[in-house]
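Visitor: Below is one structure. I have some questions about it.
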Amino acid sequence: MPYTGPVIKTPPPGPNARRLIERDEKILSGSLTRSAPLVGENAEGMYIEDPDGNVFMDFGSGIAVTALGHRHPAVVEAIKKQLDKLIFVNSLDYYSPPQVDYAEQICARTPGNFAKKIFYTNSGSESVDTAIKLAKAHNRRPYGIGYINGFHGRTMGAISFTTTNVVGRRGFAPMYPIGQFTPYPYCFRCMFNREYPSCGMECMNYMTDIIFKKIIPPDEVSFIILEAVQGSGGYIVPPKEFFTELRKICDKHEIILIVDEVQTGFGRTGKMFACEHFDLEPDVITISKAFAHGLPAGAAISKAEIMDWDPGAHEGTLNGGPVIMEAAKAVLKVLDEEKLVENAAVMGEYMKEQLKNLQKKYSCIGDIRGLGLMVGIEFVEPDGKKPAKELRDNLIQAAFERGLLLLGAGPSSIRLAPPLIVGKKEIDTALNIIEDCLKVL
Ligand SMILES: Cc1ncc(COP(=O)(O)O)c(C=O)c1O
């Protein structure tokens, strides 16, 4: 049955959902955090249904994964077709046509008109760990630089450069042993209390004037890693000039620039990759999430000359399996055929305009920002800019009770990241629900 809008039959979580949650809590790892008590059972397009017959509109896309909407028929068909041919071939030891087909397609689409090579992984974190190892294998330098408020995942390499929250880091030291952190251009809350552009990009100067002069010589820095738009940190978009300068610094000191596009990739920002907004060509790019429509997949793609590590230096048994690769090929085809990247750009602008109107009515909305369908709303206390975390958390819960799935980001922001198939009608429905919630919170 096609879904046409959110439907709440029983206040969620209803009895069936509650039973499942009780079983889950007894057996699944307590390290998992859940944004809302949603139990997903069926899904299609913009919607997910729970076992009590409640239908939720998905404005988080499972953190930017289901870019084509849930269960896009073209991807379902591609997966079924491959299941009938071959499910697994160990890509450590043998060759596989879908891996090569997809590699040719995706490498042609990532920024930079130069020869590239790809290494397939199973997740965003693994893509980041791959990029870190790759940089070190190439230049053999000891240090890495990350950004404050950056999110790169949860494996040991990835958490070493993840600084959104100490919870993910507590108890895990020592991590990547020689990393340094520098401020990201979070202009709404500038660490130096300056305004862009009159600040002269003080955040960039921190790296050149403090880190490079007092802490680490730049010729010992192997790589700099950052997100093109900070995702989990709060949907923070840097000025273009920031990336122009960063590219120059990396070129000058022969530092490998790793750009993490795990969340921003595959059209989410209104361009295939967010780097394109900044005319930025990274040395290494990491991808995952929307890659294969929810199947576990990721990759690190680099300039061909950087991926020069020794045979056996880095491998993985399950990486780039044929079913995943066929799903990923179908994702690219649908993005093109349905012009979803273009739709993300147009709908993102529409959503931001509507949100700016809402901001005029609600002083708790401190900032609206984003690119394409990666839109953040930062909530503040009424008497200033203090982050309104409780209001944000209550909003997520209240929206859930009304059939809208929202995800948080940063201390007091929500991220609006609907599937790229979204239209004005669904955006209006979501923003009406958000306004209904704000009226009572
Ligand atoms: C920018 C970025 N990098 C890496 C990751 C880690 O990806 P995964 O959860 O697949 O390990 C995420 C996940 O949210 C992310 O947003």
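Readers should treat all values here as calculations from the given coordinates under stated rules, not as data from a laboratory. Just so we're clear, the structure is a prediction, and the values are computed from it rather than from any experiment. In this analysis, Cβ positions are derived from the backbone assuming ideal geometry, glycine residues included, and neighbour counts consider all displayed protein chains.
Listed here are the residues, each with its yes/no results for (1) touching a residue at least 24 places away in the same chain (Cβ under 8 Å); (2) among the basic types (Lys, Arg); (3) surrounded by 14 or more Cβ atoms within 10 Å (Cβ to Cβ).
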{"position": "His152", "(1), (2), (3)": "yes, no, yes"}
{"position": "Thr155", "(1), (2), (3)": "yes, no, yes"}
{"position": "Thr164", "(1), (2), (3)": "yes, no, yes"}
{"position": "Gly168", "(1), (2), (3)": "no, no, yes"}
{"position": "Pro177", "(1), (2), (3)": "no, no, no"}
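Visitor: Considering only region 414-425, state which residues are in contact with a strand residue (DSSP E or B) (Cβ under 8 Å, 6 or more places away or on another chain) and surrounded by fewer than 24 Cβ atoms within 10 Å (Cβ to Cβ). Before the answer, list the steps.
Guide: To start, the set of residues in region 414-425 that are in contact with a strand residue (DSSP E or B) (Cβ under 8 Å, 6 or more places away or on another chain) comprises 414-419, 421.
Passing the criteria: only Ile421.
Visitor: So which residues in region 25-40 are more than 15 Å from Gly14 (Cβ to Cβ), part of a loop (DSSP other than H, G, I, E, B) and free of Cβ contacts under 8 Å to residues at least 40 places away in the same chain, if there are any at all? Break it down into steps so the answer makes sense when it comes.
Guide: So the first thing to find is which residues in region 25-40 are more than 15 Å from Gly14 (Cβ to Cβ), and the list is 25-35.
Going one step further and asking which of them are part of a loop (DSSP other than H, G, I, E, B), we end up with 28-35.
Within region 25-40, Leu28, Ser29, Gly30, Ser31, Leu32, Thr33, Arg34 qualify.
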